[in-house]
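Step one of this worksheet: look at the structure below.
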Amino acid sequence: MRISPTLMTRACTGAALAMVASLTLAQQAAAPAQPAATPAAAAAAGLRTERALSLPLANQIAAATVAACAANGYAVTATVVDRAGTVRAVQRADNAGPHTVAAAERKAFTSASGKAPTLAMMENAQKNPGAANLVNIPGFLLLGGGVPIKAGNEVIGAVGVGGAPGGHLDDQCANAGLESVKAQLGA
């Protein structure tokens, strides 16, 4: 009896697959069980966990900030960004100037990047020649009105305000908007 080459190949392939499967099962049975990943294990593996700003909270901060300025008679734009400076929410009051949209976004971006209020960054740049070069960073605006959003001590974003008659007033509105969500931020 003669066996065809195709049949011989199929038989050898089947036997080889069965042998690999049995070895794999034996190795799995002998291997110790892997514990579930814990935050400490994730950190040891090079992973990290960070809190993020939700869209509803970002919208709430922007709306509360615009309302705080409106209560003082200022038509402003408030922009909320996440820790990476990406826009999460924008609210523009009726009659807010068109320039306020870009100003609010740049102030929020600057504050998130520097993890500091833009009013303090501006004052530092005025006193420190080295810090004065911050104005050359694309997207930065060193005027008051950008304030970091913190969950505890962790900066998770920033709010920027443009349109009040002075950066110090934009700053006050941003802080008032954040004060309204203080409990949600764990502050």
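Throughout, read-outs are computed from the coordinates displayed, never taken from laboratory work. Only a predicted model underlies this, so the values are computations on that prediction, with no experimental measurement involved. Here the Cβ positions follow ideal geometry from the backbone for every residue, glycine too, while neighbour counts run over all protein chains shown.
Miscellaneous remarks
- Residue check for residue 126: of a type outside the set (Lys, Arg) and surrounded by fewer than 17 Cβ atoms within 10 Å (Cβ to Cβ): yes
- Among the candidates 134, 178, 169, 142, residue that is of a type outside the set (Gly, Ala, Ser) and within 24 Å of residue 55 (Cα to Cα): 178
- Of all residues in segment 95-120 being in contact with a Leu (Cβ under 7 Å, 6 or more places away or on another chain) and closer than 14 Å to residue 85 by Cβ, the one that is surrounded by the fewest Cβ atoms within 10 Å (Cβ to Cβ): 106
- Counting only helices (runs of 4 or more DSSP H) that sit wholly inside segment 94-187, those with at least 3 residues that are of a type in the set (Gly, Ala, Ser) are 99-114, 167-179.
- Any hit, segment 75-89, residues being assigned to a helix (DSSP H, G or I), under 15 Å from the mean Cα position of the chain (by Cα) and of a type in the set (S, T, N, Q): no
- For segment 145-187, a residue qualifies if it is without any contact (Cβ under 8 Å) to a residue 60 or more places away in the chain, small (Gly, Ala, Ser), on the phi < 0 side of the Ramachandran plot and surrounded by fewer than 24 Cβ atoms within 10 Å (Cβ to Cβ), and the qualifying residues are 167, 183, 187.
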